[in-house]
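Contents: one structure, followed by commentary.
The values are calculated or read from the model by the stated rules, or taken from the named source; none is laboratory data. Fair warning: this is a prediction, and the values are worked out from it, not measured in the lab. Neighbour counts run over all protein chains shown; Cβ positions are idealised from the backbone, glycine included. When the accessible area is computed, the model is the full protein with side chains, heavy atoms only, and any ligands, DNA or RNA have been set aside. Shrake-Rupley method; radii C 1.70, N 1.55, O 1.52, S 1.80 Å.
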Amino acid sequence: TFLTPVVVLAAWGDVHTRVKEFFALLLVLETGMIGTFLATDLFLFYVFWEVMLIPMAFLIGVWGGQRRVYAAVKFVLFTMAGSLLMLVAILYCAFKVKVATGAYGFGYDTFLALRLSSHEQAYLFAAFALAFAIKVPLFPLHTWLPDAHVEAPTGGSVILAGVLLKMGTYGLLRFAIPLFPDAARAAAPLLVALAVIGIVYGALVATVQPDLKKLVAYSSVSHLGFVVLGLFAFDSTAAAGSVYQMLNHGLSTGALFLLVGMVYERRHTRLIADFGGLWTVVPVYAVCLLIAMLASGGLPGLNGFVGEFLILLGSFRHWPWATAIATSGVVLGALYLLWMYQRVIFGPLVHEENKRLTDLSLRELIVIVPVLAMCFVMGVFPMPFLSRMQPSIDRALARVHAPGEHTEAPRMAHEDHR
């Protein structure tokens, strides 16, 4: 709800064809996103999960770049493959509810009360976790993301990075971990390993990207790896850092995509080599990019630092070696972001086209300033956010810390269900 008005205002200057359809699809997409976060009925959750897919695919496929249809189809196929398995798992759980109570039920609390064998938990967790891991996207299921980001229009990239990727990490914390706690505990080493690989891999690949948008896209793989690491530490501090980092990433990466879009509108190129020396020509733009870049890199005083610090602090107690390796992702993050900034903003002004660039307009400032202001607010005053998150995070993790409680009694007592 914070990012959608920002995207509407940003798209005002970017979208010149089929404008009405673009904004209609954007509002349908927002409906799907809000529904996904609010649904406590698992079937309704699945419906909204799929509702989000169609408008996003159209936004990429109609208003995207040269390979937009390829990117849109890849996005749909990847997401559908995971979500269909999740639907099967939801229907299986509803069938188990019918066996126990005599009526089908899809309610979240009804599923929480189920007693499942360790085998059932393992298969159901795998189905849910796969759907969410594709959405995150967790290494090695991330290959749809760079294509989708690079081809999507600026507004689509902002929503994709800011909200849609978080559906995966939200789903893990909200559904996969509390509903199947024993299986989640058993799968934690694998998911932590994949998260750490994603952190380092995403950062290294981002470093060598020649295209600004691809660099920001691969940085998302790295940042979301931190979130998954924090969730599967099953630690209250790390999980709070993960949820905070979900919000942070939406702001800092959303800001980076907005700023890349603004310079693309002027130059019609995203290649880092086509820029250089912009500080003297567009100083306001350069300052905005500096703040967004430092927020993404995790500078103390900006939002990215709080989330990453809490994740590393909480995870180190449980996964010391994995956390030590993951910390290199912070160093590599500073490397690719600062190197990108140096090449784009500083140095000699060698390209004639760059000398004629105009600085940010009033509309563009109205778009970017609130996002950057929130980066400062969340970096300096994290407690109003963290204190509201903590009770629900603790409730979700409490089930993981009560081993064996949620496995098999062959039939679920009716009183217990009630």
* Restricting attention to region 251-273, which residues are outside any helix (DSSP H, G or I) and of a type in the set (D, E, K, R)? -> 270
* Asked: How about region 224-250: which of its residues are open to solvent by 10 Å² or more (accessible area, probe 1.4 Å) and part of a helix (DSSP H, G or I)?
  -> 236, 237, 243, 246, 247
* Which numbered condition trips up residue 141, out of (1) of a type in the set (A, V, I, L, M, F, W, C); (2) crowded, with 24+ Cβ neighbours inside 10 Å; (3) closer than 28 Å to residue 256 by Cα? -> (2)
* Residues satisfying the stated conditions in region 381-396, i.e. assigned to a helix (DSSP H, G or I), surrounded by 12 or more Cβ atoms within 10 Å (Cβ to Cβ) and modelled with pLDDT of 85 or more -> 385, 386, 389, 390, 392, 393, 394
* Asked: Just checking, which of 304, 276 is of a type outside the set (Ser, Thr, Tyr), open to solvent by less than 10 Å² (accessible area, probe 1.4 Å) and in a helix (DSSP H, G or I)?
  -> 304
* Asked: Within region 1-30, how many residues are β-branched (Val, Ile, Thr) and within 18 Å of the chain's Cα centre (by Cα)?
  -> 4
* **Filter result (of a type outside the set (Phe, Trp, Tyr), modelled with pLDDT of 85 or more, out of contact with any Ser or Thr (no Cβ under 9 Å at 6 or more places or on another chain) and open to solvent by less than 20 Å² (accessible area, probe 1.4 Å)) within region 122-138** => 124, 127, 129, 133
* Structure fact -> How many residues of region 1-57 are part of a helix (DSSP H, G or I), within 28 Å of residue 268 (Cβ to Cβ) and touching a residue at least 40 places away in the same chain (Cβ under 8 Å)? The answer is 16
